[in-house]
Amino acid sequence: MKRLILTAGLMSAFLLAAIAVGAQNKPNFAGTWALDKSKSQGLDQRMQSADVSWVITQDDKTISIESKVTGGAAPTGGGGGGGMGGGRGMAGPRSYTLDGKEVTTEGTGQMGGTNSMKATWTGGTLELMSVRAGNFNGNDFKATTDDKLSLSGDGKVLTVVRHSESPRGTTDSTMVFNKQ
């Protein structure tokens with residue numbers, strides 16, 4: 001009986017230690033990041049000719065990403081997280097909770113609609129999924145973006161693997177950012 005209690009106690013301690021280590025393996029993406037176009041793939045025309053940076057704030061409960069795009073050709077629409085010029089992101093920062101719960105907000109402006117966003121962890125990779133649905137000029141639309149964020153071992157390179165689907169089609173890209 002003592003052996004059983006000792007074994008159960010050790011198993012409990014091991015499980016708690018594993019949970020604590022797992023929580024520590026979640027990287028913090030906070031910082032200012034500049035797009036390295038020479039290492040990125042599948043960028044649209046606007047991003048290829050513009051200066052792109054992300055400002056990320058993160059704490060234990062939330063992550064927020066503000067995309068800044070300056071210069072480049074006029075936007076051609078579609079996709080998720082591109083910029084509208086003048087150093088502004090599409091509609092301000094994208095904010096996600098890090099508890100795995102989906103958050104839905106009402107869109108503003110001409111297109112209105114809804115925005116659903118969810119963040120999930122798989123090891124050291126953070127997956128940010130967003131779905132925007134609405135109506136533009138009498139036409140219903142749905143645009144999805146799935147970003148998978150990971151950091152290099154030294155924390156100086158952020159890689160974002162993006163899959164987007166919208167009425168304009170499907171796009172896949174890999175964006176590589178350097179920490180500023």
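The values are calculated or read from the model by the stated rules, or taken from the named source; none is laboratory data. What you are looking at is a predicted structure, and each value in this text was computed from that prediction instead of being measured. With ideal geometry, Cβ positions are generated from the backbone for all residues, glycine too; neighbour counts draw on all protein chains shown.
Scanning region 114-147 for residues that are free of Cβ contacts under 8 Å to residues at least 24 places away in the same chain, over 14 Å from L98 (Cβ atoms) and in contact with a strand residue (DSSP E or B) (Cβ under 8 Å, 6 or more places away or on another chain) yields T114, N115, S116, V131, A133, D140, D146. Within the set T159, T170, T174, the sole residue that is within 16 Å of T122 (Cα to Cα) and assigned to a strand (DSSP E or B) turns out to be T159. For region 1-50, a residue qualifies if it is among the acidic types (D, E) and at pLDDT below 95, and exactly one does: D44.
Of the residues making up region 149-167, at least one is out of contact with any helix residue (DSSP H, G or I) (no Cβ under 8 Å at 6 or more places or on another chain), modelled with pLDDT under 95 and surrounded by fewer than 13 Cβ atoms within 10 Å (Cβ to Cβ).
When restricted to residues that are modelled with pLDDT of 90 or more, surrounded by 16 or more Cβ atoms within 10 Å (Cβ to Cβ) and touching a Ser or Thr at 6+ places or on another chain (Cβ under 6 Å), region 54-78 contains 3. Of the residues examined, G109 is not one that is touching a Gly at 6+ places or on another chain (Cβ under 8 Å), modelled with pLDDT under 95 and either charged (D, E, K, R) or within 25 Å of G169 (Cβ to Cβ) (or both).
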